[in-house]
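The values are calculated or read from the model by the stated rules, or taken from the named source; none is laboratory data. Please read these numbers as outputs of a predicted model, since none were measured by experiment. Here the Cβ positions follow ideal geometry from the backbone for every residue, glycine too, while neighbour counts run over all protein chains shown.
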Amino acid sequence: MSQATIRNLDPATGELIEEVPCATGADVQAAVARARAAWPAWRDMESSQRLDLVRAALERMGEQAPELGAVLSREMGKPLDRAVGEVRGYCQRLTEELERVAQAIAPEIVPGSEDRVLLTREPHGVVAVITPWNFPVGMPAQMLVPALGAGNTVVFKPSEHVPLTGAYLARLFQEQLPEGVLELLQGEGAVGAALVDADVDMVAFVGSRATGIAIMRSAAGGLKRVVLELGGKDPLIIFADSDLEAAALSATQFSLSNTGQVCCSVERVLVESSVAEKIEELVLKEVANWPFGDPLAKGTCMGPLVSESQRDNVVAHVADAREKGARIAIGGELPEGPGWFYPATVIVDAPEDAKVRRDETFGPVVCLSTFETEEEAIEKANDTIYGLGANVWTSDPERGHRVSAALRAGQVGVNRYLGGAPGTPWVGARQSGMGFLGGIEGHRQFTSPKTVATAPA
Ligand code: NAD
């Protein structure tokens, strides 16, 4: 492995929180071997008993929300109340989801044959769960619950930017589960790569497209199952007939939320040119409500970027847009002082080849550009390799229907921000992912169907 420790830095101050030892190659092999050894007993346990243990872990997560949220906030920079909200929100949602996991794995007798045909959902074996830092509790928990609930054992590697949150979450589960059912590995990408390469049966991954490609390539050798939830470049289209105040508010909030570090952040706002001035005015008004500040202080709505390199990426995107002729309506200057803060920034009319129009910015940037016709709006919205989410604002229901059908994305919001009802899968189209999470279909990806047909006696 390339490094011995993670230097876990506080993004608000740049100070060292803790040096966390990284797993060695031997640690990776040993963790996977322990998970493999624990698998048969876990797989053969009554599913209701297994799900009760997972439920107990989620209960502990809920009880520990303030403490876990504080660790998350300190090492990732998410404002404290939102960090605690992340823990509580996922805890509640995933507890409700357990019922759907039970349905997803329940055996069925399939009608239509004279023989008895039993369809079961078999766990894969050992699942590698590899996760990013932007929702450091939510992302792993949403995969741990169905993976474990379906009868797999798990080796979990959290992001190197949030090792303490990952360790805390893993401990809450480990305290409820038999030994070896959940193993934890700390380290950067090299540890993740070694885990994918080790004797695992499935890789459940949330992270960047580039890492997703590397994982798929490496998993191909052993035909390992993969679920990949990757990045996006989500558009939000505002037609002139829409509720402009509501549309501008949504565009701004979902560009800036979590300091823009959300996979389905609004990364491009496409505005019908006749209302472009008005939308810019409304966006600038809302941006004033998004000052950055100490994530641990009460009332902060926007913390720092997670790391220096993440901030460098945002700085590079803004500089590139400026060089290519875009207007920076507000922000765009590095603040003085410690930490990796960056101000809410509004970029107007960046050309189509600007980085901010093409690559994930993952920062507090509202990127405004214009279109003239519905066809042009659709064409520009779809002009990306990604397909995670998209949003459309119009008061014409027919147009809402037409445009949402034409958008090449896994999740579309019409006159609201995207997001499904309970039970709908979280899904990215095109290069935003492979497979999906959540809902009965999502949970079943942690299993393979198996049929046993028995002739009548
Ligand atoms: P990343 O791809 O850099 O890292 C994610 C995880 O993969 C980390 O744990 C990292 O150590 C590990 N890793 C890195 N290289 C690896 C390799 N070669 N093999 C195996 N593991 C490896 O992503 P990030 O910067 O942590 O997260 C941000 C990205 O995640 C953004 O692109 C964002 O859009 C995406 N994301 C997607 C979703 C979704 O649901 N689609 C949700 C959250 C974040």
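One residue alone among ALA390, ALA406, ALA429 is touching a residue at least 60 places away in the same chain (Cβ under 8 Å), surrounded by 15 or more Cβ atoms within 10 Å (Cβ to Cβ) and of a type in the set (A, V, I, L, M, F, W, C), and that residue is ALA390.
What do you reckon, is LEU228 under 24 Å from HIS124 (Cβ atoms), in contact (Cβ under 8 Å) with a residue 60 or more places away in the chain, of a type in the set (A, V, I, L, M) and more than 8 Å from the ligand (Cβ to nearest atom)? So LEU228 passes the test. Can you tell me how many residues within region 200-213 are among the hydrophobic types (A, V, I, L, M, F, W, C), within 17 Å of LEU148 (Cα to Cα) and more than 7 Å from the ligand (Cβ to nearest atom)? Of the residues in region 200-213, 4 are among the hydrophobic types (A, V, I, L, M, F, W, C), within 17 Å of LEU148 (Cα to Cα) and more than 7 Å from the ligand (Cβ to nearest atom). Taking the criterion of being in contact with a Leu (Cβ under 9 Å, 6 or more places away or on another chain), touching a residue at least 40 places away in the same chain (Cβ under 8 Å) and under 30 Å from ARG7 (Cβ atoms), would at least one residue in region 314-333 satisfy it? Yes, because at least one residue in region 314-333 is in contact with a Leu (Cβ under 9 Å, 6 or more places away or on another chain), touching a residue at least 40 places away in the same chain (Cβ under 8 Å) and under 30 Å from ARG7 (Cβ atoms). Every listed requirement among (1) within 12 Å of the ligand (Cβ to nearest atom); (2) in contact (Cβ under 8 Å) with a residue 60 or more places away in the chain is met by HIS443 save one, (1). Taking region 247-299 as the range and being charged (D, E, K, R) and within 24 Å of the chain's Cα centre (by Cα) as the test, the residues that pass are GLU267, ARG268, ASP294.
Could you list, in sequence order, all residues of region 442-457 that are of a type outside the set (Lys, Arg) and surrounded by fewer than 16 Cβ atoms within 10 Å (Cβ to Cβ)? Across region 442-457, the qualifying residues are SER448, PRO449, THR451, VAL452, ALA453, THR454, ALA455, PRO456, ALA457. In region 339-360, the condition of being more than 26 Å from the chain's Cα centre (by Cα), in the same structural domain as ASN258 (by TED's automatic domain parsing), assigned to a loop (DSSP other than H, G, I, E, B) and buried (at least 16 other Cβ atoms within 10 Å of the Cβ) is met by at least one residue. For ASP197, the stated conditions hold: it is among the acidic types (Asp, Glu), at pLDDT 95 or above, over 19 Å from PRO140 (Cα atoms) and within 10 Å of the ligand (Cβ to nearest atom).
Hey, can you tell me all the residues within region 18-32 that are among the hydrophobic types (A, V, I, L, M, F, W, C) and surrounded by fewer than 16 Cβ atoms within 10 Å (Cβ to Cβ)?
To start, the set of residues in region 18-32 that are among the hydrophobic types (A, V, I, L, M, F, W, C) comprises 20, 22-23, 26, 28, 30-32.
Matches in region 18-32: ALA26, ALA30.
Look at ARG268 and say whether it is more than 22 Å from ARG416 (Cα to Cα) and in contact with a Leu (Cβ under 8 Å, 6 or more places away or on another chain). For ARG268, the condition - more than 22 Å from ARG416 (Cα to Cα) and in contact with a Leu (Cβ under 8 Å, 6 or more places away or on another chain) - is not met.
Note on region 138-165: among residues that are within 12 Å of the ligand (Cβ to nearest atom) and touching a Ser or Thr at 6+ places or on another chain (Cβ under 7 Å), the one that is farthest from VAL28 (Cα to Cα) is MET139. Criterion applied to ALA240, ALA246, ALA251 was being crowded, with 24+ Cβ neighbours inside 10 Å, more than 16 Å from the ligand (Cβ to nearest atom), over 22 Å from ALA12 (Cα atoms) and of a type in the set (Gly, Ala, Ser), and the one residue passing it is ALA251.
Residue count for region 234-282 satisfying the condition of being in a helix (DSSP H, G or I) and not hydroxyl-bearing (Ser, Thr, Tyr): 20.
Does any residue of region 173-188 turn out to be assigned to a helix (DSSP H, G or I), under 24 Å from GLY69 (Cα atoms), more than 10 Å from the ligand (Cβ to nearest atom) and in contact (Cβ under 8 Å) with a residue 12 or more places away in the chain? Break it down stepwise before answering.
Going through region 173-188, the residues assigned to a helix (DSSP H, G or I) turn out to be 173-174.
With under 24 Å from GLY69 (Cα atoms) added as a condition, the list becomes 173-174.
Applying the additional criterion that residues be more than 10 Å from the ligand (Cβ to nearest atom) yields 173-174.
Next, from what is left, pick out any that are in contact (Cβ under 8 Å) with a residue 12 or more places away in the chain: 173.
Among the residues of region 173-188, at least one is assigned to a helix (DSSP H, G or I), under 24 Å from GLY69 (Cα atoms), more than 10 Å from the ligand (Cβ to nearest atom) and in contact (Cβ under 8 Å) with a residue 12 or more places away in the chain, which makes the answer yes.
Answer yes or no as to whether GLU19 is within 22 Å of LEU185 (Cα to Cα), touching a Lys or Arg at 6+ places or on another chain (Cβ under 7 Å) and touching a residue at least 12 places away in the same chain (Cβ under 8 Å).
Numbers: within 22 Å of LEU185 (Cα to Cα): yes; touching a Lys or Arg at 6+ places or on another chain (Cβ under 7 Å): yes; touching a residue at least 12 places away in the same chain (Cβ under 8 Å): yes.
Yes, satisfied.
For region 274-293, the criterion of a residue being within 16 Å of the ligand (Cβ to nearest atom) and touching a helix residue (DSSP H, G or I) at 6+ places or on another chain (Cβ under 8 Å) is satisfied by no position.
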